[in-house]
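The values are calculated or read from the model by the stated rules, or taken from the named source; none is laboratory data. None of the values given here were measured: they were computed from a predicted structure. Every residue, glycine as well, gets a Cβ built from its backbone with ideal geometry; the counts of neighbours run over all protein chains shown.
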Amino acid sequence: MAGKTEKKKISMTTQILIATIGGVVFGGIVGPWAGNLKFIGDMFIRLIQMSVVVLVMTAVAGSVGNQQGKGLGRMGFNTFKWFILFTVFAAVLGYFLCVIIQPGLGIVISEPTEAGTVAEAGSIQDTLLGFIPTNIIESMAAGSMIPCIVFALFFGAACSTYTAATGDDIVIRMLKGVNSVVLNIIQTVMKLAPIGVFCLLANVSGAIGFAVVLPMLKFLAVLAIGDLIMLVVYIPFAGIRCGVNPLMMPKKFMKMSMIALTTTSSAITLPTKMEDSVTKFGVSRRVSDFVGPLAMSMNSNGAALCNVAYIMFMSQSCNVELTMSQIVMGIVLSCMLCMGTITVPGGAVVSMTFLATSLGLPVDAIALLLGIDWFSGMFRTLLNVDADVIVAMLVANVEGELDRDVYNGKKTVDYAA
């Protein structure tokens, strides 16, 4: 019997949680010196980032390539229907929470500057035009997800047409093979997640500290309460629609949520989100490969809520009263920005500048918002990734590709299979 005794393996979720607490405590103790560890965390981020573009493109192209025209149209319609509904709901909720909590009230911004005097933000036309790549290699090198996804959609559709006409599916099989290899790389790198998370959080805790957060607690409260409300609505809704027990969902979300909270990046969380959708939630690989990458860039519920909160904070802190038309425009712009969300840490400054200049708001408050952007990113990314899985479940349910035995833990599946 003694020979059978084994130490219980600590789950990756638990390891990341320990690393999170340890990194914050260590950074708080040693202070700015913890910045010396940042390069290790950056190495972990880069190891994930180096494979994400290829993973996304092969997953989307392979998934679309396997579809027949009618089936693809139905799945695409259902996917984008939920994207739009969830994103609009998040933006409207953000507005009402800011009206109630008033995060910018009591924060004095001295001598506001005119929005027109600051750095230019791209127009809506430029944003939409940027979705179409002029050089796919350049887009891949820059990590521009939307152009890469657009190319992958067209490439996958062309593969489907070619296969139907010739009966030769060699290109689709090659895409699946490359996707499996890249996934293996990412799964190997993810074993280093606790080390990367520890170093990243030690740097934040040691260099920035938490004193900067105190005046901005109401703003962070808007994001935290918004996340909570939306998950409390989404989880039972998905449970009822899909015929599964919603009480099981929070535990299933744990691993991807921890990665989202600690890396503040939807792109870094993408591989874990796609794998857990299949192995924990019972979504088919076909639906996961189609919905997951698209949702990362086009279903950013957390970003929609946060964008509206930026607008309201800037107006309240600078004592600028918004008209109803400006509020409606702000909500619309916040939703549109989510169609091209920057999925790496630090991308929020682009959104802030775009919204301020588009609505004629002073930009002085942006400095305060940037000071807590890492903390905002935690809540923003958490809702982004968790809502993506809800959409995948809803789509899989309509497609008849939601395995309830997997969801209920009665059956195990291998994502890479």
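Check whether at least one residue in region 23-43 is closer than 30 Å to Met174 by Cα and either among the charged types (D, E, K, R) or at pLDDT 75 or above (or both), and report yes or no.
Yes: region 23-43 contains one or more residues that are closer than 30 Å to Met174 by Cα and either among the charged types (D, E, K, R) or at pLDDT 75 or above (or both).
Restricting to region 126-183, give me the number of residues that are part of a loop (DSSP other than H, G, I, E, B), within 20 Å of the chain's Cα centre (by Cα) and buried (at least 17 other Cβ atoms within 10 Å of the Cβ).
The qualifying residues number 1.
Can you name the residue in region 36-48 that is buried (at least 16 other Cβ atoms within 10 Å of the Cβ) and over 16 Å from Gly292 (Cβ atoms) and is also farthest from the chain's Cα centre (by Cα) among such residues?
My answer is Leu37.
Modelled with pLDDT under 85, over 15 Å from the mean Cα position of the chain (by Cα), crowded, with 22+ Cβ neighbours inside 10 Å and assigned to a helix (DSSP H, G or I) - does that describe any residue in region 271-289?
Among the residues of region 271-289, not one is modelled with pLDDT under 85, over 15 Å from the mean Cα position of the chain (by Cα), crowded, with 22+ Cβ neighbours inside 10 Å and assigned to a helix (DSSP H, G or I), which makes the answer no.
Of these, Leu105, Leu47, which one is outside any helix (DSSP H, G or I), out of contact with any Phe, Trp or Tyr (no Cβ under 8 Å at 6 or more places or on another chain), of a type outside the set (Phe, Trp, Tyr) and modelled with pLDDT of 80 or more?
It is Leu105.
Mind counting the residues in region 382-417 that are in a loop (DSSP other than H, G, I, E, B) and either out of contact with any Leu (no Cβ under 8 Å at 6 or more places or on another chain) or buried (at least 24 other Cβ atoms within 10 Å of the Cβ) (or both)?
11
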